[in-house]
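The values are calculated or read from the model by the stated rules, or taken from the named source; none is laboratory data. Small disclaimer: the values here were computed from a predicted structure and weren't measured. Every residue, glycine among them, receives a Cβ derived from its backbone with ideal geometry; neighbour counts consider all protein chains shown. Protein only, heavy atoms only, side chains kept; ligands, DNA and RNA dropped before computing areas. Shrake-Rupley method; radii C 1.70, N 1.55, O 1.52, S 1.80 Å.
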Amino acid sequence: MEAEASPFESSELVASFLASTPLLSESWRLCSLANAAAPLGFVSERIGDVGYFAFSACSTQMITEGSEYYSTCRNLVPLDSAGAGDGDGSFSVLTKSSNSSINGEEDEGAVMVHAELLNLFLFFRSSQAFKEMLALIEGSKSIVITGHSIGGTTASLCALWLLCYLQSVSSNRSVLCITFGSPLLGNESLHRAILRERWGGNFCHVVSKYDIMPRLLFAPLESCTRQLHLLLQYWQMSMLASSPGNFGQYFPVLQLGEEEKAHLFSFVSHYNLLVSSVAQEEAREEKANSLYWPFGNYMFCSQEGAICVENAASVIKMMHLMFTTGNPSCCINDHLKYGDYIGKISSQFLNKKSFLQGEVIPESSYEAGVALALQSSGISKQEPAARPAEDCLKKARGMRHMRTPSLNAANLAIRLSKVNPYRAQIEWYMASCDKSDEQLGYYFKQRGSSKRDHKVNMNRLLLAGFWNDVLRMLENNELPHDFHKRPKWINTSQFYKLLVEPLDIAEYYRSGMHRIKGHYLKHGRERRFEIFDRWWREREVDPEENTSMRSRFAGLTQDSCFWAKVEEATEWLANVRSESDARKLALLWENINKFERYATRLVDDKEVSKDVVAKNSSYSKWVEELRELKSQMQQIHPQFPRFRDGELFP
């Protein structure tokens, strides 16, 4: 019997968790406060160990120039532009993961976001509010970043920045982003980069049934700038008027005419249908990467309850189907009704027995689940959108139902047992190198064309293929969400990295790739090794874990990139002999001495395998060459020790 899948997607678990906690209600409460304080644009609050930071939907600058934010909706720019990416490291994790795939090939398209929405975040990052947020983070164990409307996109960018930052400092603080009626932010490459980092579960976007705002950027809005300007003003005045403190001070005096509402509704609905069709196509990458694309979990809410979906194509389809059941007036007013839906969401997930009353309960639990989800979406079975919505929900669940993540993980364990012989043969090869009379060690570049050498190289490639498949499945949400935190896979991937990466480094330099692309550490290292580094660094360490000094050399060198560093240090020695510029020479010696101290510490602590100190190993040759060079320099320049520490010759 086939294993039973969890209801729909893992997003259902996210939704159930949120609905059973105060997170949704507190987030909306703070968004409402932020909306009432439009000039400030944000509020912050700490509740217990949880720090909340909420962004307003209102912005004076946005309202006065609102048409520019949406009339240029096709204006997608790289996330690493305008000083937001690799220049200062803000989003370097996302942009780096998009530039190279698991197989080391270039991905199609850069991570891109809406230009003006990115500028809003950059403006926030340079403000005093950003410093307040950092102070809030320091005193909190968990962070919730939330926002309504355009404030939701600022919240999303802020959460992405924070996730990148926390990963760079190896912090275990949890981050959750909850948005209400937020427009889309970026393209499909952004969606993929977030999937690669396993951050989809950190985002929940609440979208009401008819709200036009989350659908706006599907359409080219250059011809609707006047209507958009009025619409943004109407929303802002309505939110200010709804605040008790502002009662009577503001009122929505600006109104769109019925004809203008109808035009805007049909215009957005038409393009939503086109994008939905593109999303369902098999060969859509070229088109989709230039379109706005959802990421994270989407909680669609209505008067009947809520459903939660994470598959991007299904999200787009449901956006279209739910929107078409509305009318021009409700698509505008629904943007202001999120407070009315929050209580209904909680009661739905806590009391699901109230659904399907008066209807024939399907015999299959699968069909019952689909029926529950369809009713929660607010789409009646009598409406034309009911059948395609039902098919969409079945497809969303089918992606998880056909092969559950747990079953995939079990099958991977079986595959691992089948590739273990390849690893064992490489271990045998390493042992034979240690016993060789040549004493070259495990790492050497001048391999011959023997059957043994060829076999080891093939095993290296086969193991790489297996681990690339593991990471591909992980990034496509085909494995359990905590897969990368399980000790079995952390330890196995670490052993693989320590055993095989020296061979990858040797092949890189043997084939001369360093002369074409640059040194291995910056230009040649496969992303899988960087991912395994992070798994190992972020693992849970037993406080009683043995940290005593080694009494003999390690079985494997504990720095898998040690040999790449030896190669760079070898080049530094060669450059020292030919460099005439005193400042460059000082920098070379500074790098050489730093590596010497580092390598000596590893050897003294026996954190390297014994092949490192083999008589003719690359490292032993480097040590001998350095000794000779120092001797020569000492004879030529008696003051060499002072120079060697980074000082210039007199």
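Could you please report the charge total around residue 573, scoring K, R as +1 and D, E as -1 over all other residues with beta-carbon less than 12 angstrom from its beta-carbon?
With Lys, Arg at +1 and Asp, Glu at -1, the net is -4.
With each pseudo-label sitting 7 Å past Cα toward Cβ, what's the residue 515-residue 327 distance in nm, one decimal?
Going by the 7 Å Cα→Cβ label model, 7.6 nm.
What is the sum of charges around residue 519, taking Lys and Arg as +1, Asp and Glu as -1, for the other residues whose C-beta is under 11 Å from the C-beta of residue 519?
Result for the local shell: +2.
Less than 12 Å Cβ to Cβ from residue 43, Lys/Arg counted +1 and Asp/Glu -1: what total charge do the surrounding residues give?
-1
Along Cα→Cβ, 7 Å out, is where each label goes; now give me the distance between the ones at residue 383 and residue 559 in nm to one decimal.
It is 6.1 nm.
How much of the accessible area of the stretch 567-637, probe 1.4 Å, is carbon plus sulfur, in whole percent?
Answer for the stretch 567-637 is 47 percent, counting heavy atoms of protein chains only.
At R0 = 22 Å, how high is the FRET efficiency between residue 434 and residue 550 if r is their beta carbon distance? Nearest 0.05 is fine.
0.80
Residue 141 to residue 395: extension gain in nm, 0.36 nm per residue of separation minus the Cα-Cα distance?
Using 0.36 nm per residue and subtracting the Cα-Cα distance, I get 87.7 nm.
Can you give me the % of accessible surface on the stretch 406-499 that is carbon or sulfur? Probe 1.4 Å, all protein chains present, nothing else counted.
The nonpolar share, carbon plus sulfur, comes to 55 percent.
In nm, what is the difference between 0.36 nm times the number of residues separating residue 417 and residue 568 and their Cα-Cα distance?
50.7 nm
Suppose a student asked you for the relative contact order of the stretch 457-581, using Cα pairs under 8 Å spaced at least 6 residues apart; what percent would you report?
This gives 32 percent for the stretch 457-581.
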